[in-house]
1. Using θ = phi - 60° and the Karplus form 6.51 cos²θ - 1.76 cosθ + 1.60, what ³J(HN,Hα) does each residue of the stretch 14-26 get, whole Hz, x for Gly and Pro?
2. Any chance you could run the full-extension gain for Tyr44 through Thr98? It's 0.36 nm times the residue separation minus the Cα-Cα distance, nm to one decimal.
3. With r as the distance between the Cβ atoms of Met62 and Gln3 and R0 = 25 Å, compute the FRET efficiency 1/(1 + (r/R0)^6) and round to 0.05.
Amino acid sequence: MEQIIALLSHFKYWVLFPLSIVEGPIIAVIAGLLCSKEFLNPLYAWVIIVMGDITGDSLVYMLGRWGKSTPLREISRWLGFTDAKMARTRFFFEANPTRTISLSKIILGVGVAGIYMAGNARVPYKKFIGVCLVTSAAQYVAYIGIGILFGEAYRQINQYLNYFTSITLLVAVALVLFFFIKSKLKKI
């Protein structure tokens, strides 16, 4: 963490964009801390972080939409996601794109899978990017605000974000295993 703070303090906005593509929430909290110490401008930091987050989301979306034989596609087939199930998922994303994409972005740990599924479900990119932009804009106002108000506690905030992500991933894995076992038992 100290290395990230040192990088952001020295290179400022140049390194903020690539870091926010990879890990937006904790970078936004750290940027908020640096904004409170007047190393960064909160408005510039917010715009750059949102653009970095949108860039990462777009890359994952494109992988889901146009990836021919990705490991995720093979794993999804192995888990029992048939073309019929993908058609139902596609219908759900088409019927509720705002809700599903927003929840994918807000729930830490499963966001990448939801964004990948939005691409795989062929949600129109214009709709996808609009929802992502609005959700990211609101999300990063909150994260930067947390950084400005409680930035000195970034280690603790990172620990809580990691706990939340771990719990979310465990629940997601448990659900995948449940549905996998359920689909295999139906075949017996």
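Only the coordinates and a few stated rules stand behind these numbers; no lab work does. In this text the structure is predicted, and so the values were computed from the model without any measurement. Cβ placement follows ideal geometry from the backbone for every residue including glycine, while neighbour counts extend to all protein chains displayed.
1. Each residue's phi maps through the Karplus curve to give 5, 9, 4, 4, x, 5, 6, 5, 7, 9, x, x, 6 Hz.
2. Values: separation 54, 0.36 × 54 = 19.44 nm, distance 2.65 nm.
Extra length available between Tyr44 and Thr98 comes to 16.8 nm.
3. Numbers: r = 30 Å, r/R0 = 1.20.
Efficiency at R0 = 25 Å is approximately 0.25.
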